[in-house]
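Report on the structure given below.
The values are calculated or read from the model by the stated rules, or taken from the named source; none is laboratory data. Just so it is clear, the model here is predicted, and its values are computed rather than measured. Please note: Cβ atoms are built from the backbone with ideal geometry, for glycine as well, and neighbour counts cover all protein chains shown. With ligands, DNA and RNA removed, areas are computed over all heavy atoms of the protein, side chains included. Shrake-Rupley method; radii C 1.70, N 1.55, O 1.52, S 1.80 Å.
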Amino acid sequence: MFSQSYAPVKFERDADVVLIPDGQVLELPAGTTGYLTQSLGGSFTIYVDGRLFRLGGDDADAIGREPPPRPDLPEGASDEDFEALVVKQLKTCYDPEIPINIVDLGLVYEVDIQRNAAGNREISIAMTLTAPGCGMGDFLVDDVRSRLLIIPTVDKVDVELTFDPPWNQEMMSESARLDTGMF
C-alpha cells in the first residue's frame with residue numbers, strides 16, 4: 001500500500017521520464033497512473049509500479065500541471081543581480097531522491113561567470129554528487145546546464161563534475177542538515 005499523502009497522477013500524454021536512480025530515459029505512455037512523491041524546482045518525482053521516475057518541468061502538462069516560469073533578468077540588471085539569478089536557478093535543481101536543492105546539499109563547489117566579447121555571459125560550474133557511482137550524475141549535470149542556459153544573456157554553460165574533495169554531510173547548509181535530521 002502506498003501512502004495516501006502522495007497525490008495520484010495520470011499521464012494525459014506520452015512523456016519522456018528518467019528512471020531513478022539509473023538515469024535511463026524511458027517513455028511512459030498516456031494512461032499511466034502513479035503517485036506524485038516530490039514536486040520541487042519545477043520537476044516531479046513520480047512513483048509508478050514500484051519504481052521512481054523524474055518528469056521534467058517542460059513536460060508538466062503530461063500530468064496536468066503547469067510548467068515552471070522562465071527566469072527573468074530585468075534590463076539594466078547589475079552583475080550582482082545576475083549572480084543572484086544564477087544561484088536562484090541552481091536552487092531549482094534537486095536530487096530526485098533527496099528533497100533538497102543541489103546548492104543547499106553542498107554539491108556546487110564553484111560558480112564562475114565571465115562576459116564574452118559580445119557582452120553576454122559564460123558560466124562555468126564545478127560540482128559533485130553525493131556518491132561517485134550515482135546513476136543520476138549525467139542527468140544532474142544536464143539539468144544544471146539547461147536551467148542556466150535559459151537565463152537571458154547566457155551564451156554558454158560548462159559544468160565540470162568533480163569528486164575532489166569528496167562530498168560529505170558537512171557540506172550541506174544548516175537548513176538542509178536540519179531538514180534531513182543530520183544536524
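By the scheme Lys and Arg +1, Asp and Glu -1, what is the net charge of all other residues having a beta-carbon under 10 Å from that of THR92?
Working: positive: LYS88, LYS91, ARG147; negative: ASP143.
Computed value for this residue: +2.
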Most fluctuating of GLN89, GLN38, GLN24 in the GNM of the chain (C-alpha, under 10 Å) is GLN24
With only Lys, Arg, Asp and Glu charged, each at its Cβ (+1 for the first two, -1 for the last two), find how big the charge dipole of the range 103-144 is about the Cα centre; round to the nearest 20 debye.
-> 160
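Relative contact order for the range 32-183: what percent, with Cα pairs under 8 Å and sequence separation of 6 or more? Numbers along the way, then the final one.
Numbers: 217 pairs, mean separation 28.0, N = 152.
Once normalised by length, the contact order is 18 percent.
What does the charge dipole of the range 136-183 about its Cα centre add up to, to the nearest 20 debye, if the Cβ of each Lys and Arg holds +1 and the Cβ of each Asp and Glu holds -1? Intermediate results must be reported in sequence, preceding the final value.
Values: 4 positive and 10 negative charges, 30 e Å.
The dipole of the range 136-183 has a size of about 140 debye.
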What dipole magnitude, in Debye to the nearest 20, does the range 1-61 give about its Cα centre under +1 on Lys/Arg Cβ and -1 on Asp/Glu Cβ?
-> 260
Order of exposure, largest accessible area first, which applies to VAL111, VAL141 with probe 1.4 Å | VAL111, VAL141
From the residues VAL48, THR32, ILE63, which one has its Cα farthest along the dipole of the range 2-68 in the positive direction, the dipole being from +1 and -1 charges on Cβ of Lys/Arg and Asp/Glu about the Cα centre?
-> VAL48
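Just need the relative contact order of the range 1-119 here, percent rounded to a whole number, with Cα pairs under 8 Å and 6+ apart. Mind dumping the intermediate values first?
On the way: 174 pairs, mean separation 23.1, N = 119.
Relative contact order of the range 1-119: 19 percent.
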Report the local net charge at MET172: Lys and Arg +1, Asp and Glu -1, summed over other residues whose C-beta lies under 15 Å from its C-beta.
-> -4
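Write down the Å³ per residue value for the convex hull defined by the alpha carbon atoms of the chain.
Working: hull volume 24.4 nm³, N = 183.
Each residue corresponds to 134 Å³ of Cα convex hull volume.
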Please list, or write none, the lysines whose alpha carbon is within less than 23 Å of the alpha carbon of LYS156, excluding same-chain residues fewer than 8 places away.
-> LYS88, LYS91
For the range 39-183, whose charge dipole is built from +1 on Lys and Arg Cβ atoms and -1 on Asp and Glu Cβ atoms, the candidate among PRO96, SER78, SER175 with its Cα farthest towards the positive end is PRO96
To the nearest 10 degrees, how steep is helix 137-149 against the longest Cα principal axis of the chain, on a 0 to 90 scale?
-> 60
Dividing the Cα convex hull volume of the range 86-131 by residue count, how many Å³ per residue is that?
-> 72
